[in-house]
1. If we keep just the residues of segment A:193-210 that are surrounded by 15 or more Cβ atoms within 10 Å (Cβ to Cβ) and assigned to a helix (DSSP H, G or I), which is nearest to the other protein chains (Cβ to nearest Cβ)?
2. All but one of (1) β-branched (V, I, T); (2) open to solvent by 60 Å² or more (accessible area, probe 1.4 Å); (3) within 14 Å of another protein chain (Cβ to nearest Cβ) hold for A:T114, so report the exception by its number.
3. If I filter segment B:266-273 for residues that are more than 28 Å from A:L85 (Cα to Cα), out of contact with any helix residue (DSSP H, G or I) (no Cβ under 9 Å at 6 or more places or on another chain), of a type in the set (G, A, S) and surrounded by 15 or more Cβ atoms within 10 Å (Cβ to Cβ), do I get at least one hit?
4. What's the number of the only condition in (1) closer than 21 Å to A:I213 by Cβ; (2) more than 14 Å from chain B (Cβ to nearest Cβ) that A:T27 fails to meet?
5. Exactly one of these conditions fails for A:E156: (1) in a helix (DSSP H, G or I); (2) buried (at least 22 other Cβ atoms within 10 Å of the Cβ); (3) within 16 Å of the ligand (Cβ to nearest atom). Give me its number.
6. Among the residues of segment B:7-21, is there at least one that is part of a loop (DSSP other than H, G, I, E, B), over 28 Å from B:V99 (Cα atoms) and open to solvent by less than 30 Å² (accessible area, probe 1.4 Å)?
7. What residue, of B:A290, B:A314, B:A218, is modelled with pLDDT of 95 or more, within 18 Å of B:V196 (Cβ to Cβ) and open to solvent by 20 Å² or more (accessible area, probe 1.4 Å)?
8. Which members of segment A:79-98 meet the condition of being more than 12 Å from chain B (Cβ to nearest Cβ) and buried (at least 22 other Cβ atoms within 10 Å of the Cβ)?
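The values are calculated or read from the model by the stated rules, or taken from the named source; none is laboratory data. Keep in mind that what you see is a predicted model, and the values were worked out from it rather than measured. So basically every Cβ, Gly included, is an ideal-geometry build from the backbone, and we count neighbours across all protein chains shown. Please note that ligands, DNA and RNA were not included when accessible areas were found on the heavy atoms of the full protein model with its side chains. Shrake-Rupley method; radii C 1.70, N 1.55, O 1.52, S 1.80 Å.
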Amino acid sequence: MLPALVDAPDQVRADRAAMLLIRHFETALLDLFARGELSGTTHTCLGQEHVPVAVSGLLGPDDHVLSNHRGHGHYLARFDDPEGLLAEIMGRAGAVCHGVGGSQHIHRPGYLSTGVQGESLPVAAGLALHLRRHRPGALACVYIGDGSWGEGAVYEALNLAALWHLPLLVVVEHNGIAQSTPTGQAMAGTVAGRAAAFGLAHTRITGTDPAAIRAGLAPLVARVRAGEPLIAEFHVPRLGPHSKGDDTRPAEQVAALPDWYPALAAAAPELDRAQRDRVARVVADVSARPPAEWTDR
Amino acid sequence: MRVADNINAALHSVLAGDERAYLIGEDLLDPYGGAFKVARGLSTRFPDRVLSTPISESAMTGVAAGLALAGDTAIVEYMFADFLTLGFDPLVNFAAKSVTMYGTRLPMRLIVRCPSGGGRGYGPTHSQTLTKHLIGVPGLAVFEMSPFRDAAEVFAEMLALAQPCVFVEDKILYTRRMHAVPHPFTASVRDGVAYVGTGEPPDLVLVAPGGTAGRAVAALHRLLIEDEIAGLLVVPSRLYPVSLDLPPVPHVVVAEDGTAGGTWGAEVAQHVHARHFADLAAPVTLVHAAGAVIPAAPHLEREVLVTAGTIYDAMVRTVRG
Ligand SMILES: Cc1ncc(C[n+]2csc(CCOP(=O)(O)OP(=O)(O)O)c2C)c(N)n1
């Protein structure tokens, strides 16, 4: 079930490449917005790139991923397809969902995102129920922010997952804020306490090195596959605005947040440049495409 | 004044004039002031009565119902009308029913504000108009923001009903100016209904909710210039229950930006047929959005939503027969 182990240097390079790709992709989106070339809304995952990169390395082809509004990294860590994603966000030919879903509503076999907070937890439980019977050993992995723990559907799903021993991996991206609301103003208690209330396994992750994260998570994820759901809570910074230009945090506060990027860019300047260039090529390519067509209604 | 500022001013006046009034919703606190900035300044001025909630639509609606039940005035701000589905139980099964289901009428001053509609490229879960789902619920009234009526007056009407009211706010209006109509049209208000016309006796009446009004006026303008047909736009603030008094005209068109099937427009048509049948040369024409989810890409979104062009075409077809 687990992906084949590649030798360590290749894995390190692949992790770094993925994190850098996501970083440059998100930065490019904010640029496109600033230049008025994107419409609607888009939520970048700046500062959180390592989460899906680490998690995706533990997922196999039969596993299902449920993503949320802040899902570009989830997608790019699962599929090396910045062209399809950018085309979706820009509504151009080659869009993963023909421009219908846009940034927050993306579907591919084994992958789905939706923009309604909390909605995906029960859906993930349903997918996990299906997988347990038809693909024993596979799991449903659902990403959720800290703020979305405000939704009641989350608890109904967690209760079922625990009662029914579902292969459900809940990845919490705890970035300390939801839109403009600090977690402390929205969550009484903790994620760990809530997990404990349902008797669910919980682990807290603070690092940004995907290999180290995976080493810690792998045994727990193996237990998920056997029907013991897990809540993996990543503590991450949100380096960017909620969507675009709507950050009400003081600039000094944002500047003081930890960022993995400078160290990695310094350690791997060529890879960094290569990924930046790749994203620039993707932007140029997709921007020149005709509008997406929606024929299969 | 922009529509968003007008609603903001109305909220300020409700909270200033009524010690019992609360505003409840997500991300309301200053400096953010709500996702569309309509709540700006309120949390600073009324820190105890502007409550920013977690992402909990069901709870925020239920809490508002509890306040209303206890005699307070509760205004709920949804971030997007689409999420009303999450608060449907406390709104429909509790708040609306509570007014009458205990055998004696219980007054409930509860307003649920819903930023609705598309045109901003937010995609299928952030662009809907859910009006049709709110029609015909006992104890629930539906109102819509219109650029032709001061929101403070409409809030006063809703609160005077002492029953739960949904207030639809088309997001596209927020940045529009209040009371703006192109020459030679003028707007007037009678009994809570806005009328936009040229003063000539109209050949056609176009009924539209406030969110569609801008597109409706553009369509009427074109009808006047290109086809020399005088139309009168009728924009009721209270959508449901429907009550309209129309001048005698042979043609009536209703334009709304939701999908067809069980709609407000159908209710208006039924009402007009029953009341004005003798005057009509043809059945009322309904204009709806395409029967589809609302796509994210702007060019696809335009294919689905009601535009001035869709309304114009429907009016021409109706008049020409
Ligand atoms: C049901 C629902 N309510 C409100 C929103 C609007 N909204 C979109 S993202 C967001 C904040 C989510 O916060 P969190 O879960 O912490 O994730 P983050 O944005 O921090 O990644 C809100 C309130 C929504 N999409 N769905």
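1. Checked segment A:193-210; the qualifying residue nearest to the other protein chains (Cβ to nearest Cβ) is A:R194.
2. Here A:T114 clears every test but (2).
3. Yes - at least one qualifying residue is present in segment B:266-273.
4. If we test A:T27 against (1) closer than 21 Å to A:I213 by Cβ; (2) more than 14 Å from chain B (Cβ to nearest Cβ), just (1) comes out false.
5. The number of the failed condition is (2).
6. There is no residue in segment B:7-21 that is part of a loop (DSSP other than H, G, I, E, B), over 28 Å from B:V99 (Cα atoms) and open to solvent by less than 30 Å² (accessible area, probe 1.4 Å).
7. Exactly one of B:A290, B:A314, B:A218 is modelled with pLDDT of 95 or more, within 18 Å of B:V196 (Cβ to Cβ) and open to solvent by 20 Å² or more (accessible area, probe 1.4 Å), namely B:A218.
8. Answer for segment A:79-98, where residues must be more than 12 Å from chain B (Cβ to nearest Cβ) and buried (at least 22 other Cβ atoms within 10 Å of the Cβ): A:P82, A:L85, A:L86.
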